[in-house]
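The values are calculated or read from the model by the stated rules, or taken from the named source; none is laboratory data. All values derive from a computational prediction rather than experimental measurement. Here the Cβ positions follow ideal geometry from the backbone for every residue, glycine too, while neighbour counts run over all protein chains shown.
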Amino acid sequence: MLRVLLTLALGEALRAPGALRARPARRAAAPVSMMAGGAKKILVLGGDGFCGWPTAVHLSDKGHAVTIVDNLSRRDIDTELGCDSLTPIAHPEVRIAAWKELTGKTIDFVNLDVAKEYDRLESLIKDKRPDSIVHFAEQRAAPYSQKGTKQKRYTVDNNVCGTHNLLTAVVEADCCAHIVHLGTMGVYGYGTSGGEIPEGYIDVVLPGGRDSRILHPAYPGSVYHTTKCLDALLFQFYAKNDGVRVTDLHQGIVWGTNTDLTSMDPRLTNRFDYDGDYGTVLNRFLMQAALNVPMTVYGTGGQTRAFIHISDTCKCIEIAINNPPAEGAQPEIFNQVAETRRVRDIAELISKNTGVEARFLANPRQEAAENELDVSNRKFRALGFEPTKLNDALFEEVQDVTQKYKDRCIPTKILPASFWNKKRAQEVAADKEARGAVDSAAAAGVGR
Ligand SMILES: NC(=O)c1ccc[n+]([C@@H]2O[C@H](COP(=O)([O-])OP(=O)(O)OC[C@H]3O[C@@H](n4cnc5c(N)ncnc54)[C@H](O)[C@@H]3O)[C@@H](O)[C@H]2O)c1
């Protein structure tokens, strides 16, 4: 069904090249923010999450009036998975009270489900009249989205309905808010471009010799990535039809734990996911290195991925907020990426630092064994983005976190717990390296 939807929607874009540039009917002018000195009113949807919390404090620190909107579903998923953030994280009310105590700045918090509580969302937007809305509030783990029928359906319902509710609420509230959405590099697919991946759009010549500028073809690798492609189509439509201003940030894998601001006090500590579903590759490897068990590399480790440090995520969002597209323009798209790395090279880098070896196990994911990834981030760099690289000293921060809290880790949870299809599940089950990994993880857990 999703495939049909995507094919139809992309086909439509190809058939109507001029449509993407058509100016929408202008909405009635809404009152603009009355805040002084360039400060803005900003809603941060998903502001209790790994990227959302450091971004909320970063924007508050810059003098913006920030309201976090979150239904705390990520914390509920921790309970469902029998796992928890490696770092102890305080409840949102405790976090924002600590922020107030330390800085004198106020962050508001509204517990609201963006995907299910449409009326409350529209009222909130009418009431706050935000200048910008940063949208992180989605189920963000590709493995979790492949876990089973329940998780697949939840990911689509939550992410696509949430994004659509936001767009339609902005229109209904007659609000001029600029939406800054966190998308993913995974919308382009890995290894399919045959050259540098541009920032969002490609110039093509259509049959009949007509020039057009269209979205880069979508090639999602999981249900999660598919929802981000569907989001992109919703943005195209609402920008064209209603003049909603949208920036879609195609972000790489975010690494690091704390920023300078969340390091100020233990009550501000950011979350650190290490489990097979939510833990990204670097976190899982560093966790295993801290426990002194082999790092589990999927397949040949030949997958190339894009990375960005959490502090850079916050800075990029600030840059995006400060540079909204014009009303009626196509959604702005940036590749929010600092660098690309091959997974086995990351394992080697950690191995050199820690002496812990890598173990290659059957890949739970349906993906190309090896891929190149050449990504343009020129537009972002032109706006002042100076990326932090994995080689920089900040790498040590994550190592320190895994060492400090390793007694909170459940070692068996680091191993893959979701499989892209039955064949991949059987291959992992039959893999003796995988069985060895289970034994090492169990041994690391002895005495805990
Ligand atoms: N972490 C990464 O490496 C990464 C990489 C690329 C893109 N992104 C994108 O950035 C965004 C944030 O990622 P993250 O790592 O902070 O994820 P996260 O799961 O830590 O945070 C998401 C937050 O959104 C909230 N949320 C989810 N659905 C909601 C709903 N219906 N209503 C209200 N709140 C809801 C969750 O409770 C959680 O606090 C996601 O959209 C993700 O796709 C993340």
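The table for this structure:
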| item | result |
| --- | --- |
| Hits in region 269-326 (condition: more than 15 Å from the ligand (Cβ to nearest atom), over 20 Å from residue 337 (Cα atoms) and assigned to a helix (DSSP H, G or I)) | 287, 288, 289, 290, 291 |
| Evaluation of residue 372 against (1) part of a loop (DSSP other than H, G, I, E, B); (2) among the acidic types (Asp, Glu); (3) out of contact with any Ser or Thr (no Cβ under 8 Å at 6 or more places or on another chain) (one fails), failing number | (3) |
| Count - residues of region 120-152 that are within 11 Å of the ligand (Cβ to nearest atom) and either crowded, with 19+ Cβ neighbours inside 10 Å or outside any helix (DSSP H, G or I) (or both) | 12 |
| Of residues in region 79-119 being among the small types (Gly, Ala, Ser) and surrounded by fewer than 14 Cβ atoms within 10 Å (Cβ to Cβ), the one farthest from the ligand (Cβ to nearest atom) | 104 |
| Failed criterion for residue 342 (all others in (1) over 20 Å from the mean Cα position of the chain (by Cα); (2) farther than 30 Å from residue 44 by Cβ hold) | (1) |
| Subset tally (residues that are within 12 Å of the ligand (Cβ to nearest atom), over 25 Å from residue 283 (Cβ atoms) and not aliphatic (A, V, I, L, M)) for region 63-78 | 0 |
| Residue satisfying all of: in region 295-326; charged (D, E, K, R) and in contact with a helix residue (DSSP H, G or I) (Cβ under 9 Å, 6 or more places away or on another chain); modelled with the lowest pLDDT among these | 305 |
| Residues that are surrounded by fewer than 19 Cβ atoms within 10 Å (Cβ to Cβ) and within 21 Å of the chain's Cα centre (by Cα), drawn from region 373-382 | 374, 376, 378, 379, 381 |
| Counted residues, region 349-396 - those being β-branched (Val, Ile, Thr), more than 30 Å from residue 421 (Cβ to Cβ) and out of contact with any Asp or Glu (no Cβ under 7 Å at 6 or more places or on another chain) | 2 |
| Within region 169-180, considering residues that are part of a helix (DSSP H, G or I) and in contact (Cβ under 8 Å) with a residue 60 or more places away in the chain, the one surrounded by the most Cβ atoms within 10 Å (Cβ to Cβ) | 170 |
| Which listed residue is modelled with pLDDT of 95 or more and touching a Gly at 6+ places or on another chain (Cβ under 6 Å), from 142, 173, 137, 177 | 137 |
| Index of the failed condition, residue 333 passing every other in (1) of a type in the set (Val, Ile, Thr); (2) closer than 29 Å to residue 223 by Cβ; (3) surrounded by fewer than 21 Cβ atoms within 10 Å (Cβ to Cβ) | (3) |
| Neighbours by Cβ (under 7 Å, 6+ apart or cross-chain): first from region 406-429, in contact (Cβ under 8 Å) with a residue 60 or more places away in the chain; second among the hydroxyl-bearing types (Ser, Thr, Tyr) and assigned to a helix (DSSP H, G or I) | 418/144 |
| Residue count for region 31-61, restricted to those that are assigned to a loop (DSSP other than H, G, I, E, B) and crowded, with 17+ Cβ neighbours inside 10 Å | 8 |
| Within region 407-448, considering residues that are of a type in the set (Lys, Arg) and modelled with pLDDT under 95, the one surrounded by the most Cβ atoms within 10 Å (Cβ to Cβ) | 435 |
| Residue satisfying all of: in region 239-259; touching a His at 6+ places or on another chain (Cβ under 9 Å) and more than 12 Å from the ligand (Cβ to nearest atom); farthest from residue 173 (Cα to Cα) among these | 259 |
| Pairs, first assigned to a loop (DSSP other than H, G, I, E, B) in region 68-84, second more than 8 Å from the ligand (Cβ to nearest atom), C-beta under 7 Å, six or more apart | 70/92; 70/111; 71/111; 72/111; 83/275; 83/410; 83/413; 84/78 |
| Matching residues in region 186-231 - criterion: being under 23 Å from residue 325 (Cα atoms), more than 16 Å from the ligand (Cβ to nearest atom) and surrounded by 15 or more Cβ atoms within 10 Å (Cβ to Cβ) | 198, 201, 212, 214, 215, 216, 217 |
| Qualifying residue in region 255-262 (condition: assigned to a strand (DSSP E or B) and within 25 Å of residue 189 (Cα to Cα)) | yes |
| Qualifying position, being small (Gly, Ala, Ser), assigned to a strand (DSSP E or B) and surrounded by 20 or more Cβ atoms within 10 Å (Cβ to Cβ), among 183, 162 | 183 |
